[in-house]
1. What share of the DSSP beta bridges in the chain is antiparallel, in percent to the nearest 5?
2. Have a look at Tyr240, Tyr199, Tyr231 and tell me which one the Gaussian network model of the chain (Cα, springs below 10 Å) gives the largest fluctuation.
3. Could you size up the charge dipole of region 255-328 around its Cα centre, putting +1 on the beta carbon of Lys and Arg and -1 on that of Asp and Glu, and report it in debye to the nearest 20?
4. Taking the chain as a Gaussian network, Cα atoms linked when under 10 Å apart, which of Asp166, Asp267, Asp235 shows the biggest mean-square fluctuation?
5. Calculated from DSSP H runs of 4 or more alone, at -39500 (n - 2.57) each and per residue, what is the 222 nm mean residue ellipticity of the chain, nearest 500?
6. Please check: in the Gaussian network model of the chain (C-alpha springs, under 10 Å), which one of Asp187, Asp278, Asp314 has the largest mean-square fluctuation.
7. How many percent of DSSP beta bridges within region 179-328 run antiparallel, rounded to 5?
8. Once you keep just the Cα pairs under 8 angstrom separated by 6 or more residues, what percentage relative contact order results for the chain?
Amino acid sequence: MQLILQSFAILFLAASCAFNGSSQDVHFTPTETWSLDVQGKPLKLTAINTGSIQIKQCHLENCKDEDSSFPRRLISILLDSTPAPKRLPILTYLIQHPEGNFLIDTGADPDWNNEKSWECSARSHFAAKRIADVQYQETNSFIQELRDLGVLDALHGIIITHAHFDHTGNLRNLKAQQYIIGKGDIDNHDKIGAVKCKYLEGLPLTEAPFAAPNDQVSDPYAKSLRSTPVYLTKDRSLRYYVSPGHTPGSIVVVQSTSQGDMVFVGDITFSGKDIKADSTVAGMHFNIPQIREAHRALRELQTTQRLVLLPSHDEEISHRMNRFILRK
């Protein structure tokens with residue numbers, strides 16, 4: 001009964017603060033491809049913008065004490081009426097590796113505003129629309145982008161960095177040999193706002209558990225993230241690490257190349273600027289002590305590895321990648 005009353009209370013609060021986003025014009029970052037190489041073989045990375053998202057200020061920067069519970073921080077986001085300064089892109093990343101095509105996240109939901117598509121969980125749609133304002137890129141749809149790139153029917157793997165709605169939107173529209181998602185997100189889907197019935201149910205998911213590395217591990221990412229790598233290619237250049245914090249099953253994907261390492265961090269950071277020890281963390285992180293630890297790990301890796309951080313909502317991704325490739 002207490003859980004039911006809490007649910008109704010949250011919905012009542014949400015109803016009093018419907019969120020329509022800001023008055024900003026929506027700017028969709030164009031698709032961009034970079035050519036790299038891995039062990040002497042060509043590799044391509046393509047950043048595809050599937051839409052944009054307007055979040056609230058308390059989502060971008062936590063408005064509560066850091067030791068407050070996630071439900072309390074979520075309520076503060078629902079109650080907040082102040083938009084964050086900018087709309088953010090919703091990016092997916094396509095890695096065209098010599099051993100296959102791998103997609104990181106599946107972006108904005110083309111049926112975001114279609115009430116019928118939310119029939120399995122109308123309450124989730126009600127709450128989600130009061131947390132963020134999503135606009136899907138319709139001019140050249142995500143599916144069409146993949147078709148134009150020649151990979152729509154040739155995806156080896158899809159890796160979901162975490163199960164929030166702006167990262168799983170096209171998942172049911174895609175076929176791949178493997179769908180990877182953190183087990184922590186599946187086990188806690190009802191606590192983190194993942195809409196399992198709409199985006200995840202019925203798919204042959206590979207649920208990735210967290211596993212701490214042994215003391216003898218030499219992989220610097222495993223040491224810093226304190227997570228055992230799972231290799232996706234025989235050459236071991238593409239792998240992922242379960243790194244809880246933003247959600248219980250958040251995943252960091254690393255692709256090593258001759259130019260350095262591309263580190264796909266999902267929403268562990270929005271821009272790379274918010275991982276400083278004295279930065280205010282986002283209110284939407286599920287576990288703040290864990291996200292602080294993840295940020296510490298990324299700072300440590302930036303001092304020891306030649307890498308570029310690639311968040312899912314970074315409007316400076318083109319500048320970031322160009323600087324990475326040109327850097328000597």
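Every read-out reported here was derived from the displayed coordinates using simple, explicitly stated rules and does not represent laboratory data. All values reported here derive from a predicted model rather than from experimental measurement. Please note: Cβ atoms are built from the backbone with ideal geometry, for glycine as well, and neighbour counts cover all protein chains shown.
1. Numbers: 37 of 53 bridges.
Bridges in the chain are about 70 percent antiparallel.
2. Looking only at Tyr240, Tyr199, Tyr231, the biggest GNM fluctuation is shown by Tyr231.
3. Working: 10 positive and 9 negative charges, 72 e Å.
My answer is approximately 340 debye.
4. Evaluated over the chain, the most mobile residue of the options is Asp235.
5. Numbers: 11 runs with 88 residues, N = 328.
Only helices count here, giving -7000 deg cm²/dmol.
6. Evaluated over the chain, the most mobile residue of the options is Asp278.
7. Numbers: 12 of 21 bridges.
That works out to approximately 55 percent antiparallel.
8. On the way: 671 pairs, mean separation 56.3, N = 328.
With pairs under 8 Å counted, the relative contact order is 17 percent.
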